[in-house]
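Enquirer: Pasting a structure below so you can have a look.
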Amino acid sequence: MHEELPASKVFYRPIEAAIRWAGLWRYSQEILSSISSPRNLPRTLNCPRWDELRLCTERIYDAIVNGELPYGRNGITLNDESLLDSHELTVRHLDLKHWMQTHYPGHRPAFLFSRIERIAHPVITLEAGQAMLVERQAMKAELELCRRELRNLKERHEELLKQSGAIPACGQCSLSDRAEATYLHIIGSMLELMLSRSPSGKPYSCFSTQEAIVSALIAHRGGIMGITERTLNGKFASARRKLGSASVVA
């Protein structure tokens, strides 16, 4: 027989919230009939996890007294200290949930949090937070390395562009087959390198596709002759075919 889940309400008396928080819903009638003061619970009671219930109750009243948890009467928020020892004192469901998220993030009792909330927002422990911080620092270092590699690749690419732009001016003659093959091999190798990963699995650049490289080149050098989407894709395709043919022959 499954234990009945504690029902959620719009507002609770502190002892009612503490009973639900401690997971003692099935003993609620026995507990409520055995106490005379909602705030000062007896030291002992023939009830499982009684010390835990007392601790939950003390935490709620401590939050109320220190202004962390709004309180009132019958669900209406009031700032009336005469209610602190009254059976009529209540705390709203939304205020209690917000307070618990802030001060006790490791606690997600079912009467305040839905099953989806308990699954979708796991508790981040101190150890997990430290591990995330270390991972973040490692990612920052890796990102900086990728940026340096990208700058080097851009410099090499710009140098090749300068060299290719100087060839027609020096002789007004077309490239020889050997020279064209050399440049296609270089372009294909650079393209392959930029899209590849190191033996340890780290990408050599921040580009994951040829389209991303083309877009970056157009964004940086779109005004130069030949730096167009159609031309770049055509040259890259030729370079890849030429490099593939060379690899087969080798």
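The values are calculated or read from the model by the stated rules, or taken from the named source; none is laboratory data. Computed from a predicted structure; not experimentally measured. Ideal geometry is used to build each Cβ from the backbone, glycine not excepted, and the neighbour counts take in all protein chains shown.
Enquirer: Any idea which of Gly222, Gly188, Gly201 is modelled with pLDDT under 85, among the small types (Gly, Ala, Ser) and on the phi > 0 side of the Ramachandran plot?
Expert: Gly201
Enquirer: Examine region 93-108 for a residue that is modelled with pLDDT under 90, touching a Ser or Thr at 6+ places or on another chain (Cβ under 9 Å) and assigned by TED's automatic domain parsing to the domain that holds Arg20, and state whether such a residue exists.
Expert: yes
Enquirer: Which one is surrounded by the fewest Cβ atoms within 10 Å (Cβ to Cβ) among residues in region 25-67 that are among the small types (Gly, Ala, Ser) and under 22 Å from Ser8 (Cβ atoms)?
Expert: Filtering region 25-67 for residues that are among the small types (Gly, Ala, Ser) and under 22 Å from Ser8 (Cβ atoms), the one surrounded by the fewest Cβ atoms within 10 Å (Cβ to Cβ) comes out as Ser28.
Enquirer: Further, regarding this structure: If Thr44 satisfies all but one of (1) more than 20 Å from Ser82 (Cα to Cα); (2) of a type in the set (Ser, Thr, Tyr); (3) modelled with pLDDT of 85 or more, what's the number of the condition it fails?
Expert: (3)
Enquirer: While we're on this one: Against the condition of a type in the set (Lys, Arg) and more than 21 Å from Arg118 (Cα to Cα), how does Arg73 come out, does it pass?
Expert: Judged against the criteria, Arg73 is a match.
Enquirer: If you take the residues of region 225-245 that are among the hydrophobic types (A, V, I, L, M, F, W, C) and touching a helix residue (DSSP H, G or I) at 6+ places or on another chain (Cβ under 6 Å), which of them is modelled with the lowest pLDDT?
Expert: Leu243
Enquirer: Can you find even one residue in region 5-17 that is over 37 Å from the mean Cα position of the chain (by Cα), part of a loop (DSSP other than H, G, I, E, B) and more than 19 Å from His103 (Cβ to Cβ)? Walk me through it before giving the result.
Expert: Keep residues of region 5-17 that are over 37 Å from the mean Cα position of the chain (by Cα), which gives none.
Within region 5-17, not a single residue is over 37 Å from the mean Cα position of the chain (by Cα), part of a loop (DSSP other than H, G, I, E, B) and more than 19 Å from His103 (Cβ to Cβ).
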